[in-house]
Amino acid sequence: MGLLSFLIVGLIAGFLAKYVVPGEGPGGILGDLIVGIVGAFIGGWVFNAFGHTGTTGLNLWSIVVAFVGAVILLFILRAVTGRRATY
């Protein structure tokens, strides 16, 4: 998959995942892009582990795979960072 299409898929997936997973995001459009790109790798790995294709280009399937990976990543980030109490 080309770099530009990977960035576009990552941005879309990160943007969508931010609205599905409750809590504060990692920070703006750049944070969405990073979460989406890393999510595309995670989603591709998970889907390949179950015998399906991962990200294949700029198409709906790649966005779904990256979205699933981004949601997984955001849940992991929320579990690790957690909510800090403010007094």
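A few comments on the model shown:
- Relative contact order (percent, whole number), the chain, Cα cutoff 8 Å, 6+ residue spacing: 35 percent
- Computed label-point distance, nm, for sites residue 58 and residue 4 using a 7 Å Cα→Cβ extension: 0.6 nm
- Cα Rg over Rh - the chain, Kirkwood: 1.03
Read the figures in this text as sums done on the coordinates, not as results from a lab. Because the structure is predicted, anything quoted here is derived from the model rather than measured. Glycine also receives a Cβ, built like all others from the backbone with ideal geometry; neighbour counts cover every protein chain displayed.
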